[in-house]
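The values are calculated or read from the model by the stated rules, or taken from the named source; none is laboratory data. All values derive from a computational prediction rather than experimental measurement. As a convention, Cβ positions derive from the backbone with ideal geometry for all residues, glycine included, and neighbour counts pool all protein chains shown.
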Amino acid sequence: MKTQPLDATLGALADPARRGVVELLRKKPRRAGELAHALSLSAPNMSRHLRILRRSGLVEEGGIDDDARVRVYRLRAEPFRALRDWLTEVEAFWGAELASFKAHAEKTRKPR
């Protein structure tokens, strides 16, 4: 697994405001102004967060058919799939470790 995209994903999600953006975009695509208003952030601050989310690949921007000047942001599935896959691998590792520990503890347990 390439760690650079995963590092970018984790870095982008480390900030609570960016996680807030992700939560809002899970429901529907939104404009930057809507996101800023919902999270009580200034437009420049929201712009910085959106830039980080775009660079990490978590978010993409696009126009709408009626007005090319309006930019709408939406989540991209691929980085979240990669994160889920990595977490599944980590969870499997710890599941196996705990199963081994349990087997060892049961084997070495002294009767009362």
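Can you name every residue in the range 23-50 that is surrounded by fewer than 16 Cβ atoms within 10 Å (Cβ to Cβ) and within 21 Å of Ala82 (Cα to Cα)? Answer for the range 23-50, where residues must be surrounded by fewer than 16 Cβ atoms within 10 Å (Cβ to Cβ) and within 21 Å of Ala82 (Cα to Cα): Glu23, Arg26, Lys27.
Of all residues in the range 65-86, at least one satisfies being acidic (Asp, Glu), in a helix (DSSP H, G or I) and touching a residue at least 40 places away in the same chain (Cβ under 8 Å).
Among the residues that make up the range 101-112, is at least one of them at pLDDT 90 or above and among the aliphatic types (A, V, I, L, M)? No: the range 101-112 contains no residue that is at pLDDT 90 or above and among the aliphatic types (A, V, I, L, M). The condition (being modelled with pLDDT under 95 and over 24 Å from Pro5 (Cβ atoms)) is satisfied by just one residue among Ala68, Ala36: Ala68.
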